[in-house]
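Everything on this sheet refers to the single structure shown next.
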Amino acid sequence: MNFKFRPADIITIIFISLLIVIIIVFNSAIPNRFLLIPIYSALLIVQFILVKVKDKTRLLRIMYDLIFPVISVLVLFDSLGWVIHYINPVDIDPVLIKLDYALFGNHPTVMLEAVMNPVLTDILQLAYSSYYFLPVTLGIALLKNGQREEFNRSLFLILFCFYLSYIGYIIWPALGPRFTLDHLQMQKLQGFFIAEPIQQLLNRLEGIKRDAFPSGHTGIALTVLYLAYKFKKRLFLIFFPIISALIFSAVYCRYHYVVDIIAGFGLTGVTIFFGERYYSWWEKRNTNALNKSL
């Protein structure tokens, strides 16, 4: 069979394969290993099938471009709760707390109680939740505008950033201040109508993943902002204030330490630096191969 993989497909296959290797290596330490292997294998199989049949119908193309990448990211993220603590049980929260305290002379989430109010909490909780829609919004906008090449590059960089953040969670597991510093908070994080239902929903969906460091919210949001600036300037102008609020909300809403945010900026830098170079190399190689075949 002749498979024509794009970089987004390749990076997904590599990351899922890496997780399978991790499960095999740490076999006895992972209670749900017999469930994880079939889940990861199913994702690989679907990825290969979609690469082969994507152009047969419009629905399959949508599955390939948008639906399957979203499902992969969500399923892989959710599976980390069954992996991280069993292969790396030492959380690095004490180190992150000390770094934050050294930078500010206090805990940032405690300091932010001075500006806390229900309206601001509602707004910032909404901004934090926008993270789940930013990449999809950019992808749909590029596809609707016929920017197929820009979409493929953007999809690769966004997936690359997601997978790098997941590797970060495995190497540096951290719960985040909403768990570790809750006993120091003098005020409960309350909104008027919106904040608490969203918090409860996110707590149910995300659970305890030890996914604080680096801040994937920051890394992904900034990567999307970078791509919007390159390919969709009007969307960049809309995204900029939302993403600025999102980054602030990550600390205000007690999901992240400030050092997580700093690491999130670094995550974006690594994604763009290495991702852009790989994608350009892949494009050049494909162009050369096409020229030779003519």
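Please treat every number below as a calculation from the coordinates, not as lab data. Remember, predicted model here, so these are calculated numbers, not experimental data. Glycine gets a Cβ as well: all are built from the backbone with ideal geometry, and neighbour counts include every protein chain shown.
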* Counting other Cβ atoms within 10 Å of each Cβ, which trypsin sites (Lys or Arg not before Pro) in region 1-71 have at most 13 and sit in a DSSP loop? -> LYS4, LYS56
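Using R₀ = 22 Å, calculate the FRET efficiency as 1/(1 + (r/R₀)^6) where r is the Cβ-Cβ separation of ASP182 and TYR132; round to 0.05.
0.35
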* Cα lying deepest toward the dipole's positive end in region 1-89, options PHE5, ASN32, PRO69, charges on Cβ -> PHE5
* Report the one residue of ILE261, GLY176, ASN106 whose Cα lies farthest in the direction of the positive end of the charge dipole of the chain (charges on C-beta: Lys and Arg +1, Asp and Glu -1; origin at the Cα centre). => ILE261
* Once phi is turned into θ = phi - 60°, what whole-Hz ³J(HN,Hα) does the Karplus curve with 6.51, -1.76 and 1.60 give for every residue of region 162-177, x standing for Gly and Pro? -> 4, 5, 5, 5, 5, 5, x, 5, 5, 6, 10, x, 8, 7, x, x
* Quick one: if you stick a label point 7 Å off each Cα along the C-beta vector at TRP282 and LEU202, how many nm between them? -> 3.0 nm
* Number of Lys-Lys pairs in the chain under 22 Å by Cα, sequence gap 8 or more or different chains? -> 13
* Structure fact -> Computed ³J(HN,Hα) along region 23-40: with the Karplus parameters 6.51/-1.76/1.60, θ = phi - 60°, integer Hz and x for glycine or proline, the list is 4, 5, 5, 9, 2, 5, 7, 10, x, 9, 4, 6, 9, 5, 4, x, 5, 5
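Order these by the 10 Å Cβ neighbour count, fewest first: ASP55, ASP9. Spell out each step's value before the answer.
Values: ASP55 10, ASP9 23.
With the fewest neighbours first, ASP55, ASP9 line up as ASP55, ASP9.
Per DSSP helix of 4 or more residues, -39500 (n - 2.57); summed, then divided by the residues of the chain. What does that give at 222 nm, rounded to the nearest 500? Intermediate results must be reported in sequence, preceding the final value.
Values: 15 runs with 212 residues, N = 294.
That calculation yields -23500 deg cm²/dmol at 222 nm.
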* Inter-label distance for SER244 and TYR86, nm, one decimal - labels placed 7 Å from Cα along Cα-to-Cβ -> 4.5 nm
* **For PHE231, PHE48, order by how many other beta-carbon atoms lie within 10 Å, fewest first** => PHE48, PHE231
* Asked: Roughly how big is the chain's charge dipole about its Cα centre, with Cβ charges of +1 (Lys, Arg) and -1 (Asp, Glu), in debye to the nearest 20?
  -> 1300 debye
* To do: Hey, can you grab everything whose amide H is under 5 Å from the amide H of ASP211? Only 5+ residues off in sequence or another chain; H modelled, so Pro and N-termini drop out.
  => ALA174
